[in-house]
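Read the figures in this text as sums done on the coordinates, not as results from a lab. In this text the structure is predicted, and so the values were computed from the model without any measurement. Reconstructed Cβ throughout: ideal geometry from the backbone, glycine too, with neighbour counts over all protein chains shown.
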Amino acid sequence: MFAVSVRSLAKNYGSKPALAGVDLEIAPGAIFGLVGPNGAGKTTLLSILAGLKAPTSGTFSLGPDGTGIGFMPDTPTYYPWLTGPELLDYAARLRSIKIDDSEISWRMAQVGLSQVGPGDQTKIGDYSRGMRQRLAMAATLLGDPPVLLLDEPCSALDPAGRVEVLDIISSLAGRATVIFSTHLLSDVERVCDSVAMLDRGRVIMAGPIEAIRQYGAAPGFRLALDFDDQGLIAEISRYPWFAGVVAGKPGYYTVTVTDFETARRDLLQLIVTRSVPLIEFARADPSLEEVFLKVLAPR
Amino acid sequence: MISTLISHEWKRAFRTKRIWIVLAFCLFSALLDPVSSKFLPKIIEAVGKLEVMGLPDQNAADALKAYASDSSRLAMLAFALSFMGMATDEFKRDSGAGAFVFTRQVRSSSLVWSKLIVAFGVGWGSFLVGYLVATLISIPLFGSVPLGAVLKSIPLTGLFWLIAAALLVGGGAAFRSALAAVATAYGSLFFLSIFELFGVLAAWSPTALGTSVGPLAAGESVVSYWRSLLVGGVCAGVIFVWGLVRRPN
């Protein structure tokens, strides 16, 4: 049973397709990242799942009964004439949730708005963009909905705010199914357990983060030495499993290989034999960004 | 649910000062029209000796009709302009407040109804406050007012403001554009008021509902306004139902 299931979802704006047959299945409790270039269809997909747009064709289901969605838009422009606590109170009433001042204070503090208590008279219109985004997060989490759709939830936040919001998202793992779109692949790597890459309205790759990272990546190792040792590199390049080397700053190399296990054994032996002043020896996993750029390279 | 939405729309009307704008226009007309009805013919006569204009002396019914007529134009325009944003805000669902409301399982029909109730309440309520003021001012100015006609006209003016509010809110929900909301409300009423220029068709203009106090004071029957109600009701009904059933893009 999937928490979110999307089948052949398509959406056209006039003659222009925004989604061209999207299929996704997301397990309950997953933190699912949605990445892709501008215009890939991320916001359209989330808007359809939230019920704000009608699909041209295809079907989708959310949770067992399709209710209890929390949606955070990418540009939260709430009623500028309300205060933040009033907005939370309104949101609670719309969901038939009883909420008191202490819970409003707690919700505000949860998203880093502890300075905005129930008595605060600052109108949302006077909030900074980052404050509005935090408030949006608080309103989205109200009532603990089982499915959360977050459209670029960290786009207006400073680095500290981003970490706070990502920590909140991480803490939801297992309790709610979260789909969030972002341009920041490091955010996805930090909190998501699975990801889908969208391009021109299609899912071009989807799956667990670890599996995605390995896509098309040559196996390799990261070597960091105390000094630049060209002799070691020359020696490594003579092995049959050697595929290539990329030098970083002096003493830092990424060695790609054709046979991971043999290369690991030989490299460790070589390091010991030569008494190499080693700082780091690790498997070189490609970052999501590398995979992303590789997959989205002109096809 | 609907009570939450209505109280939210009321709060919006007060916090954004929309209610005061409409009320100010109504009070302006209410203060000015009885005085100008009483003294303008005399001033013109004294200053210009323009008997040729043949301005007859005005009575309280004329003064109240002038107020109702100005309200249905000036105050109505202020009403349409100040409530156009309110009528469309949440129906732009792409982001912000619209997304916030609709993803909390608020049916768009509930939203349309709540906006209609508040827009109607503000519009008609402001009109009635002005009507009361105009009536009270008319008593010392003219000696008496046609109270029976005033009372009979109140439900008819209510229907007029209900039609206007339904056109505005229905237009906003149907077209999701503030400009389209105003054009639907003010444009429809303006277009239909052209009927008044053509003698026999005058009775079919919905605007006649708003200015009924004059004819009622002259002995016209309330029942005779069924044609105005029919035309206005059908126009507003079609637009409003369209706004009610409009689906997401």
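Please tell me the relative contact order of chain B in percent, rounded to the nearest whole number, where contacts are Cα pairs under 8 Å and at least six residues apart. Walk me through the numbers on the way to the answer.
Details: 354 pairs, mean separation 61.4, N = 249.
Computed value for chain B: 25 percent relative contact order.
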With +1 on the Cβ of every Lys and Arg and -1 on the Cβ of every Asp and Glu, the dipole magnitude of chain A about its Cα centre, in debye rounded to the nearest 20, is 860
Neighbour-count order for B:Phe240, A:Phe227, B:Phe39, B:Phe127, fewest beta carbons within 10 angstrom listed first | A:Phe227, B:Phe39, B:Phe240, B:Phe127
Would you look at the GNM of chain B, springs on alpha carbons closer than 10 Å, and say which of B:Leu209, B:Leu151, B:Leu77 moves the most?
-> B:Leu151
Long-range alpha-carbon pairs in region A:4-213, meaning those over 30 Å apart, account in percent for 22
Averaged over all viewing directions, the convex hull of the alpha carbons in region A:124-204 casts a projected area in nm² of 6.1
In what sequence do A:Ile124, A:Ile204, B:Ile239 fall when counting other Cβ within 10 Å, fewest first?
-> A:Ile204, A:Ile124, B:Ile239
Translational D (Stokes-Einstein, µm²/s) of the protein assembly as shown at 20 °C and 1.002 mPa s when Rh comes from the Kirkwood sum over C-alpha pairs?
-> 76
Rounded to one decimal in nm, the spacing of the 7 Å Cα→Cβ label points at B:Ser144 and A:Ser5 is 7.9
How far, in nm, would the chain grow between A:Ser170 and A:Glu280 when pulled straight, counting 0.36 nm per residue and subtracting the alpha carbon separation?
-> 36.7 nm
Using 1/(1 + (r/R0)^6) with R0 = 25 angstrom and r between the beta carbons of A:Ala224 and A:Arg264, what's the FRET efficiency to the nearest 0.05?
-> 0.95
Cross-link reach list, lysines versus A:Lys249, counting only Cα pairs under 19 Å and skipping chain neighbours closer than eight places = none
Looking only at aspartates and glutamates whose Cα falls under 20 Å of B:Lys115's and that sit 8 or more positions away or on another chain, we get A:Glu86, A:Asp89, B:Glu9, B:Asp89, B:Glu90, B:Asp94
Averaged over the residues of A:129-142, the number of partner chain Cβ atoms within 10 Å of each residue's own Cβ comes to 1
Put +1 on the Cβ of every Lys and Arg and -1 on every Asp and Glu Cβ in the protein assembly as shown; which of B:Asn59, A:Pro219, A:Gln115 then has its Cα farthest towards the positive end of the dipole?
-> B:Asn59
Cα-based Debye curve of region A:82-123 sampled at q = 0.21, 0.25, 0.27 Å⁻¹ gives log₁₀ I(q)/I(0) of -0.58, -0.81, -0.93
Among B:Phe91, B:Val200, A:Ala92, the residue whose Cα sits farthest towards the positive end of the charge dipole of the protein assembly as shown, when +1 is placed on the Cβ of each Lys and Arg and -1 on the Cβ of each Asp and Glu, is B:Val200
Report the Stokes-Einstein translational diffusion coefficient (µm² s⁻¹, integer) for region B:2-245, Rh taken as the Kirkwood radius over Cα pairs, at 20 °C with viscosity 1.002 mPa s.
-> 115
Among A:Glu189, A:Glu164, A:Glu235, residue whose mean-square fluctuation peaks in a GNM of chain A (springs only between Cα atoms under 10 Å) | A:Glu235
Set A:Lys16/A:Lys53; A:Lys11/A:Lys53; B:Lys11/B:Lys92 screened for pairs whose C-alpha atoms are more than 18 Å apart = B:Lys11/B:Lys92
Please give, to one decimal in nm, the separation of the simple spin-label points placed at A:Arg202 and A:Ser96, each 7 Å out from Cα toward the Cβ.
-> 4.4
